[in-house]
Amino acid sequence: MKLILLTLATFLLSSCQSMHSNDPSSLFFSIPEGSTLSLNKEMTFSPRDTHGTIQAGKLISDNDREFYDVNCRLDFKKFGPRTIEPETFSITRTEDGQNWISQPSILRFYTEVYLASNKDTDIIKMVCQIYGDANDRNFTVAEMQTALGDFISIKYTTVK
């Protein structure tokens, strides 16, 4: 009887352990805290903008965004106009989630990447998203990097 209880307890404890992967192509990969995000190209914004959207490796307007393909938005604290020079940011944390846009047909999958700047640039986070339905899944970090193209690159710290 004790052996059965010990086996059951071991199984229950191990099932509580989160799944993790070191492969950015895996759904179980999370960008480790302390990784860096590099803006590789200059970005220019109008006075009415508080964010810039990147899809297929290009800076685009919100009106040109294809919601059913991964797209990413850099959020700022203040309105433009401004030009942001290439810079490297520290990734302080990431959060994955989903919410209904139009229940039960359109679901938004997203990843928020919180950023810190050594140059006091007022970029606070990058939000990547894609629309789908209840049968779809969140995207991988590799799919996110494909959407960013060479505009933005992410360098991962090693997980210990």
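Taken over region 83-114, the criterion of being buried (at least 17 other Cβ atoms within 10 Å of the Cβ) and either farther than 21 Å from Pro32 by Cα or touching a helix residue (DSSP H, G or I) at 6+ places or on another chain (Cβ under 8 Å) (or both) is satisfied by Ile84, Leu107, Thr111.
Restricting the search to strands (runs of 3 or more DSSP E) fully inside region 76-125 and requiring at least 2 residues that are in contact with a strand residue (DSSP E or B) (Cβ under 9 Å, 6 or more places away or on another chain), at pLDDT 95 or above and of a type in the set (Val, Ile, Thr) gives 87-102, 106-116. Residues that are among the charged types (D, E, K, R) and in contact with an Asp or Glu (Cβ under 6 Å, 6 or more places away or on another chain): does region 122-133 have at least one? The answer is yes; a qualifying residue exists.
Conditions (1) modelled with pLDDT under 90; (2) surrounded by fewer than 12 Cβ atoms within 10 Å (Cβ to Cβ); (3) in contact with a strand residue (DSSP E or B) (Cβ under 9 Å, 6 or more places away or on another chain); (4) aromatic (Phe, Trp, Tyr), marked per residue:
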| residue | (1), (2), (3), (4) |
| --- | --- |
| Leu13 | yes, yes, no, no |
| Ser21 | yes, no, no, no |
| Ser25 | yes, yes, no, no |
| Ile31 | no, no, yes, no |
| Gly34 | no, no, yes, no |
| Thr53 | no, no, yes, no |
| Ala56 | no, no, yes, no |
| Ser61 | no, yes, yes, no |
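Scanning region 126-156 for residues being surrounded by fewer than 18 Cβ atoms within 10 Å (Cβ to Cβ), among the polar types (S, T, N, Q) and in a strand (DSSP E or B) gives a total of 1. Checked against (1) touching a residue at least 12 places away in the same chain (Cβ under 8 Å); (2) more than 18 Å from Leu27 (Cα to Cα), Arg93 passes all but a single condition, namely (2).
The values are calculated or read from the model by the stated rules, or taken from the named source; none is laboratory data. This one's a predicted model, so the numbers in the text were calculated from it and none came from an experiment. Using ideal geometry, Cβ is built from the backbone for each residue, glycine included, and neighbour counts are taken over all protein chains shown.
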